[in-house]
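The values are calculated or read from the model by the stated rules, or taken from the named source; none is laboratory data. Just so it is clear, the model here is predicted, and its values are computed rather than measured. So basically every Cβ, Gly included, is an ideal-geometry build from the backbone, and we count neighbours across all protein chains shown. Heavy atoms of the whole protein, side chains included, go into the accessibility calculation; ligands, DNA and RNA do not. Shrake-Rupley method; radii C 1.70, N 1.55, O 1.52, S 1.80 Å.
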Amino acid sequence: MKQYWEVIKNSRLFLGIKEEEIEAVLECLSAEVRFYQKGEFIFQIGESISEVALLLEGSVSIQKEDYWGNLSILNEISKGEIFGETYAVLENDIIINNVLAVTNCKVLFFPFFHIFKMCSSPCNFYIQLIQNFLAVIAFKNKMLAQKLEHLSQRTTREKLLSYLSEQSVKAGSSSFTIPFNRQQLADFLSVDRSAMSNELSKMKQEGKIDFYRSYFILKQ
């Protein structure tokens, strides 16, 4: 666990909690680290879960596949982010999305009810943990609203421009790297990959953008 202190203490969930207090928190939460190989499901459609997960290493994708096998990427989880909290809160509801290890991953799990289980003499960091957990949920709601804004655009070009503009703001620069390859980006924006690639090429020819693989530059 020690090798992941930087990831853990820099995550939103443990923001403002001292390192020695984090040890106490993890013990109190009965935290457990599990390893997943690339391509393995962490959570799968139809399951019910009671644990919240925090990604320590690797990359995780939240995906939805319809009856005909059409894939949509709902979100990409990075190191230090938590996932599964919605279904852990609902507990008895079954999962409607797959959570897949995009690379080899190590994930920290702890039962959700331990977070809100009030101790007889709650520590100062307990209140901070609750505040952080609520802040994480609020942040995810904000991210969901931003994705809905991209998807609400009418054309493939408008969806791309909306997404790339957001990534530029997020990076604080006109040049940035996105967390998707071409197929993943198409799945994330719910567009046809060929049509998306054509639009990217057109915008490059028009001098609006430049790119190399996942690296983009927005131009005036």
Checklist entry - Which trypsin sites (Lys or Arg not before Pro) in the range 85-189 pass both tests, a DSSP loop state and at most 16 other beta-carbon atoms within 10 Å? => result Lys117, Arg154
Checklist entry - How much of the accessible area of the range 132-201, in percent, comes from carbon and sulfur atoms when a 1.4 Å probe is used? => result 53
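Mean projection of the alpha-carbon convex hull of the range 101-188 over all orientations, in nm²?
On the way: hull surface 34.0 nm².
With the hull built on Cα positions only, its mean projection is 8.5 nm².
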Next on the checklist: At R0 = 41 Å, how high is the FRET efficiency between Leu148 and Lys2 if r is their beta carbon distance? Nearest 0.05 is fine.
Outcome noted: 0.55
Next on the checklist: For the range 52-117, which chymotrypsin sites (Phe, Trp or Tyr not before Pro) pass both filters: DSSP loop (anything but H, G, I, E, B) and at most 12 other C-beta atoms within 10 Å?
Outcome noted: Tyr67, Trp68, Phe116
Checklist entry - Taking the Cβ of Ala135 as the center, what net charge do the other residues with Cβ under 15 Å away carry, scoring Lys and Arg +1 and Asp and Glu -1? => result +1
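Please state, rounded to one decimal and in Å, the Kirkwood hydrodynamic radius that the range 20-107 gives when every pair of distinct Cα atoms enters the mean of 1/r.
13.7
Enter the accessible area per residue of the range 57-148 (Å², integer; probe 1.4 Å; all protein chains in place). The partial results should precede the final answer.
On the way: 5020 Å² over 92 residues.
With all protein chains present, the range 57-148 gives 55 Å² per residue.
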Next on the checklist: On C-alpha positions alone, give me the angle between the axis of helix 156-171 and the longest principal axis of the chain, in degrees, nearest 10.
Outcome noted: 50
Checklist entry - Expressed as a whole number of Å, what is the distance separating the alpha-carbon centroids of the range 35-98 and the range 1-23? => result 23
Checklist entry - Put +1 on the Cβ of each Lys and Arg and -1 on the Cβ of each Asp and Glu in the chain; which of Gln63, Ser30, Gln184 then has its Cα farthest toward the positive end of the dipole? => result Gln184
Next on the checklist: From Cα pairs below 8 angstrom and at least 6 apart in sequence, can you work out the relative contact order of the range 132-220, rounded to a whole percent?
Outcome noted: 26
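Can you list the GluC sites (Glu not before Pro) in the range 147-220 that are in a DSSP coil and have 12 or fewer other beta carbons within 10 angstrom? Working shown, then result.
On the way: sites: Glu149, Glu158, Glu166, Glu199, Glu206; in loops: Glu206.
Answer in residue order: Glu206.
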Item to check | Listed residue pairs exceeding 22 Å between alpha carbons, taken from Lys170/Lys208; Lys2/Lys170; Lys79/Lys140; Lys64/Lys140; Lys159/Lys202 | outcome: Lys2/Lys170
Next on the checklist: Just to confirm the number: angle between the C-alpha axis of helix 19-28 and the first principal axis of the chain, 0 to 90 degrees, nearest 10?
Outcome noted: 70
Checklist entry - What does the charge add up to near Asn97, with Lys and Arg as +1, Asp and Glu as -1, over the other residues with Cβ less than 14 Å from its Cβ? => result -4
Checklist entry - What 222 nm value per residue comes from the helices of the chain, counting each DSSP H run with n ≥ 4 as -39,500 (n - 2.57) and dividing by all residues, nearest 500 deg cm²/dmol? => result -12500 deg cm²/dmol
Next on the checklist: Around Glu57, under 10 Å between beta carbons, what's the net of Lys plus Arg minus Asp minus Glu among the other residues?
Outcome noted: +2
Item to check | the range 169-211 - convex hull of the alpha-carbon atoms, volume per residue in Å³ | outcome: 78
